[in-house]
Amino acid sequence: MTFASSAVPHDQVKKLARLMEQGGAILLVDAALISPSERDQIDRAIRGGATTSAAMAQWKPEWRAMLSELSSGAQGQGSLASPPDFPQPAYAQIFEACLKELQLLPSREPAPWAYWQALADGVPAEPTSAWMAVEPCQWLVSTQQVQLKRSATNQPMSPHLVETIEAGLPRLHASLVLGRSGRAYLRFEAPFELRSAWPECLEGLGTDGFLPQGSQARDWRGFVTELEMALAMNPDPSNSNTQSLWPWGMGTNPNNPGLASGAIQAKRPINNSSLTKVPLPLQGFNHWLESQGHPLNLEWHSFKPVQSVEEWIEEWASVLETIEALKQGCMNANDSLGRPWAVLLQDQWSYKLYVQPEGKQRQSGPIFLNIAALRERLRGLSQAGFSFKERHAKRGDLITQLLKLASWSDEEIS
């Protein structure tokens with residue numbers, strides 16, 4: 001494929017790529033970020049209520065230190081108001097950029113997320129084929145736009161739907177393969193040049209600006225138009241809401257690691273016990289990465305829906321406790337410098353990423369060569385501390401740090 005990639009240009013990604021080389025750990029916190037309006041509402045509620053202040057007063061010193069460390073070092077990308085050309089989860093953007101940094105993926109190739117999901121879905125995915133994931137969907141039509149809605153998510157396709165899809169596949173030179181989860185994939189003998197948004201990131205948006213693109217987009221439109229007509233004339237009796245298919249994750253395994261035969265070679269053992277909570281595409285990616293000699297300790301935390309500011313603070317306390325445990329585990333690893341770690345906060349296609357600076361896992365404080373350097377350092381810290389205290393004395397430092405970290409916008413908190 002020859003699609004231009006969407007770059008994720010900041011130093012944190014380069015650090016994360018090195019972390020992947022070193023077999024480090026990363027915690028992904030899904031649905032963690034809030035919009036500026038939500039941030040302002042929470043800010044007002046916290047400053048006006050004693051119960052929320054009391055909830056934060058119970059935080060352990062370790063959580064407070066972790067919050068300060070993260071809020072000052074996290075970097076963000078994207079905007080919930082301005083989706084990219086092909087919306088996809090934040091982790092997909094970041095790991096694709098890391099693979100290109102490590103030269104495990106050609107610079108103009110999209111990451112083959114459909115192939116990786118198929119691997120995690122129990123499909124004996126031939127590594128020399130091209131793969132596409134397809135999602136049954138329906139169209140919600142209004143006077144202003146057409147929206148995509150996934151139908152029967154993660155449920156097995158009915159025999160009628162399978163038969164209708166397979167009838168049109170000869171024109172694409174593809175075959176239909178079903179995973180054990182019920183998800184469906186198309187397998188191509190040659191690369192199929194098409195790129196599109198992930199369906200879960202497209203729901204709620206008008207589809208006009210996000211139609212699949214690529215040199216074979218016309219072939220896809222011809223196939224899906226015939227499919228929609230067939231389903232309209234002969235609806236699926238077990239799922240009448242299915243009107244079409246949405247393609248995503250197209251790509252070919254870049255390095256042929258031999259996963260189809262189960263051959264996985266890793267540099268060091270890793271613990272993937274928490275991968276049952278991780279989305280299938282990310283599970284497959286993690287196993288593929290392990291096969292390339294870059295095992296990654298991956299943990300997933302879904303930020304639970306909350307009904308009040310108190311619950312929101314409690315959930316953040318849980319997140320910070322998890323991060324602290326991750327940090328301590330990496331520091332206590334059987335390695336002289338400890339193991340690098342990172343935290344990814346994401347919501348839809350926006351994110352904030354923090355990567356522990358390399359070489360600092362074991363440091364307990366700054367090292368000075370002589371007394372003159374120590375005095376100069378203390379003088380600088382005193383001036384910086386006074387300036388910071390003066391700026392934030394009326395704001396509530398802990399609240400400011402939390403809201404800055406939790407918001408996808410880096411604007412100052414008023």
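When we screen 144, 117 for residues that are over 23 Å from the mean Cα position of the chain (by Cα) and over 25 Å from residue 355 (Cβ atoms), the only hit is 144. For segment 322-336, indicate whether the set of residues that are farther than 14 Å from residue 25 by Cα and part of a helix (DSSP H, G or I) is non-empty. Scanning segment 322-336 turns up no residue that is farther than 14 Å from residue 25 by Cα and part of a helix (DSSP H, G or I).
On the basis of being in the same structural domain as residue 239 (by TED's automatic domain parsing), small (Gly, Ala, Ser) and assigned to a strand (DSSP E or B), does residue 133 make the cut? It is true that residue 133 is in the same structural domain as residue 239 (by TED's automatic domain parsing), small (Gly, Ala, Ser) and assigned to a strand (DSSP E or B).
If residue 294 satisfies all but one of (1) part of a loop (DSSP other than H, G, I, E, B); (2) farther than 28 Å from residue 42 by Cα; (3) over 21 Å from the mean Cα position of the chain (by Cα), what's the number of the condition it fails? Answer for residue 294: the failing condition is (3).
The residues of segment 26-60 that are among the polar types (S, T, N, Q), within 30 Å of residue 89 (Cα to Cα) and over 21 Å from the mean Cα position of the chain (by Cα), listed by number, are 37, 41. When 159, 191 are checked against the criterion of being more than 24 Å from residue 116 (Cβ to Cβ), at pLDDT below 95 and assigned by TED's automatic domain parsing to the domain that holds residue 231, a single residue qualifies: 159. Among residues of segment 144-162 that are closer than 23 Å to residue 177 by Cβ and in a loop (DSSP other than H, G, I, E, B), those with a beta-carbon under 7 Å from a residue that is among the basic types (Lys, Arg) and at pLDDT 85 or above at least six positions away or on a different chain give the pairs 154/183.
Annotation: residue 120 fulfils all but one of (1) modelled with pLDDT under 90; (2) of a type in the set (A, V, I, L, M); (3) crowded, with 21+ Cβ neighbours inside 10 Å; the unmet one is (1).
Before we move on, is residue 325 in the same structural domain as residue 27 (by TED's automatic domain parsing), free of Cβ contacts under 8 Å to residues at least 24 places away in the same chain and hydrophobic (A, V, I, L, M, F, W, C)? Yes, satisfied. I'm checking my understanding of the structure. Among residues of segment 199-230 that are in contact (Cβ under 8 Å) with a residue 12 or more places away in the chain and touching an Asp or Glu at 6+ places or on another chain (Cβ under 9 Å), which one is surrounded by the fewest Cβ atoms within 10 Å (Cβ to Cβ)? Filtering first and then ranking leaves 215. Would you mention how many residues in segment 97-109 are buried (at least 23 other Cβ atoms within 10 Å of the Cβ) and part of a loop (DSSP other than H, G, I, E, B)? Total meeting the criteria: 0.
Quick check, is residue 306 in the same structural domain as residue 340 (by TED's automatic domain parsing) and crowded, with 20+ Cβ neighbours inside 10 Å? No; evaluated as a whole, the condition is false for this residue. In segment 170-193, of all residues being crowded, with 20+ Cβ neighbours inside 10 Å and assigned to a loop (DSSP other than H, G, I, E, B), the one that is farthest from the chain's Cα centre (by Cα) corresponds to 192.
The values are calculated or read from the model by the stated rules, or taken from the named source; none is laboratory data. All values derive from a computational prediction rather than experimental measurement. Backbone-built Cβ (ideal geometry, glycine too); neighbour counts: all protein chains shown.
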